[in-house]
Every structure is written in C-alpha cells, then in structure tokens.
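Undergrad: Here it is: the structure, laid out below.
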Amino acid sequence: MDNVRGDGRFKSPDDLKHDFQQVLGGRAPSEVIHYCGSGVAACHNLLAMELAGLTGGKLYAGSWSEWQADPKRPREKG
C-alpha cells in the first residue's frame, strides 16, 4: 500500500524513487530480491521500483510458499 496514493494509483516516479532509496540504504536495485507469501504481492514492489527508474530488481516467484515447503531449507521462528 505504500506504493500507491489514496485513490489506488501509483505514486509519482519521483516519490517512489525517494521512498525506495530510503529502504535500499545505498544498495543497488540489482541486489534486491522481492518475495512475499506466494510471489504475487512482491510483483507490486518490483513494478514500483521499475516505474521509479530503479531497475534490475529480481523476483523470487516461489516466495515463502515454495521456500518453506522444502524442509531442508533454513527458517526460524521468533
């Protein structure tokens, strides 16, 4: 929801860029891998970064659903 205005449309590219640069903390967009529960919501962030001119981010399409399905993969609770 942080990528959109009150009317549901994306914020301006400049506003999105400013917001994402705060989150990136100096990291290159190409170092970012977006994920969520199933991969769908992460696409929204990936698109918002692209609109902001912060290209090169990646999507882990399987996201948490795929990761946690394999008992050999690390995970923690807390």
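The values are calculated or read from the model by the stated rules, or taken from the named source; none is laboratory data. Because the structure is predicted, anything quoted here is derived from the model rather than measured. Backbone-built Cβ (ideal geometry, glycine too); neighbour counts: all protein chains shown.
The rows are residues; the columns are (1) surrounded by 14 or more Cβ atoms within 10 Å (Cβ to Cβ); (2) in contact with a strand residue (DSSP E or B) (Cβ under 9 Å, 6 or more places away or on another chain); (3) aliphatic (A, V, I, L, M); (4) under 16 Å from K17 (Cβ atoms).
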position	(1), (2), (3), (4)
Y35	yes, yes, no, no
A52	yes, no, yes, yes
G57	yes, yes, no, yes
S63	yes, yes, no, no
W67	no, no, no, no
K77	no, no, no, no
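Undergrad: Anything in region 57-78 that is over 24 Å from M1 (Cβ atoms) and either polar (S, T, N, Q) or modelled with pLDDT of 95 or more (or both)? List them, or say none.
TA: Within region 57-78, just Q68 meets the criteria.
Undergrad: For region 1-33, enumerate the residues that are buried (at least 16 other Cβ atoms within 10 Å of the Cβ) and farther than 28 Å from Q68 by Cβ.
TA: Within region 1-33, K11, L16, K17, D19 meet the criteria.
Undergrad: Just the residues that are assigned to a loop (DSSP other than H, G, I, E, B) and more than 24 Å from S12 (Cβ to Cβ), please, taken from region 47-78.
TA: Of everything in region 47-78, those that are assigned to a loop (DSSP other than H, G, I, E, B) and more than 24 Å from S12 (Cβ to Cβ) turn out to be Y60, A61, G62, D70, P71, K72, R73, P74, R75, E76, K77, G78.
Undergrad: Would you pick out the residues in region 25-40 that are modelled with pLDDT of 95 or more and under 11 Å from the mean Cα position of the chain (by Cα)?
TA: Of everything in region 25-40, just one residue is modelled with pLDDT of 95 or more and under 11 Å from the mean Cα position of the chain (by Cα), namely P29.
Undergrad: To continue, here is another question. How about region 16-46: which of its residues are within 15 Å of M1 (Cβ to Cβ), free of Cβ contacts under 8 Å to residues at least 40 places away in the same chain and not in a loop (DSSP other than H, G, I, E, B)?
TA: Answer for region 16-46, where residues must be within 15 Å of M1 (Cβ to Cβ), free of Cβ contacts under 8 Å to residues at least 40 places away in the same chain and not in a loop (DSSP other than H, G, I, E, B): L16, D19, F20, V23, V40, A41, A42, C43.
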